[in-house]
1. When the accessible area of the stretch 82-192 is split by element with a 1.4 Å probe, what percent falls to carbon and sulfur?
2. I need two numbers for the stretch 132-172: Rg to one decimal and Dmax as a whole number, Cα atoms only, in Å.
3. By per-residue mean of other Cβ atoms within 10 Å, what is the highest-first order of 88-97, 122-131, 135-144?
4. Based on the Kirkwood radius over alpha-carbon pairs, what is the Stokes-Einstein translational diffusion coefficient of the stretch 87-133 at 20 °C with 1.002 mPa s viscosity, in µm²/s?
5. Could you bin all the Cα-Cα distances of the stretch 106-178 into 10 Å bins starting at 0 and give me the percent of pairs in each, rounded to whole numbers?
6. Along each of the three principal axes of the Cα atoms of the stretch 37-187, give the extent in whole Å, ordering the values from largest to smallest.
Amino acid sequence: MARKPKDITVLHGHHVISGSDLRATFVDDDEEHHNPVRKRRRILHGIVLVLLVGMIAAAIVVAVAIMNGQIKIPTAERSQAVVSVCPEALHDYAPPETINLNVFNSTSRPGLARSVADEFTARKFIVGAVANTTSSYRGVALVVSGAAGQSAAFSVQRNVPGSDYFQDGRTDASVDVILTGEFKELAKAELVDQTPGQLSCPREDRRIVDESAWPVTPTVLPTPGS
């Protein structure tokens, strides 16, 4: 029977540590001692690890505070509140014979501007231009003037219930009435409210938050016919 080779790494039942074992055990520490770059790298890795652990812990603390209501995060929702652009001045009802008025029809009803202009004339308003135009405005009518025509526009609005006031850059006191899709008729002459009051801007109640362009001063583009 062949004899089993003797294990030279075992002496009297104890493991014998060789030179290669020693090198394998201490080479890293020795190399680190003689290699400052590697040492700095290990220190840097340790710092990064500590920072990551700290950030995770902080995130957990903040998340718990938010869930408990201790920290409130501002939302990106747009405010539903809108700044009023309607003039707040009080106006007296001006005599119709002092008001220069233009009447425009933006509906598909032929002859509407002319018939309404005739009604204003019968009420002693001074009617100038009478024509068709285009407008994307949804409502009863637009009453447009410059700053100098606010008082006149107030009197015109009292004759057009539900109309919406807009102000443009004109310098005179003239007023434009633009009849739009929901217009039905003028207020009855004998029922026109002639007490002092403010201009009316009902569009502000219909404004949508995303419509940042409101209010848009309508551009009057007269076209042939009325």
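The values are calculated or read from the model by the stated rules, or taken from the named source; none is laboratory data. Here the structure is a predicted model, which means the values were calculated and not measured. Every residue, glycine as well, gets a Cβ built from its backbone with ideal geometry; the counts of neighbours run over all protein chains shown. Calculation scope for accessible area: heavy atoms of the full protein, side chains included, ligands and nucleic acids excluded. Shrake-Rupley method; radii C 1.70, N 1.55, O 1.52, S 1.80 Å.
1. Carbon plus sulfur share of accessible area: 53 percent.
2. Values for the stretch 132-172 (Cα only, Rg and Dmax): 10.5, 27 Å.
3. Per-residue mean Cβ counts within 10 Å order the peptides as 135-144, 122-131, 88-97.
4. Here the translational diffusion coefficient equals 183 µm²/s.
5. Reading the bins upward from 0: 19, 55, 26, 0.
6. Each principal axis gives a Cα extent; for the stretch 37-187 these are 98, 33, 30 Å.
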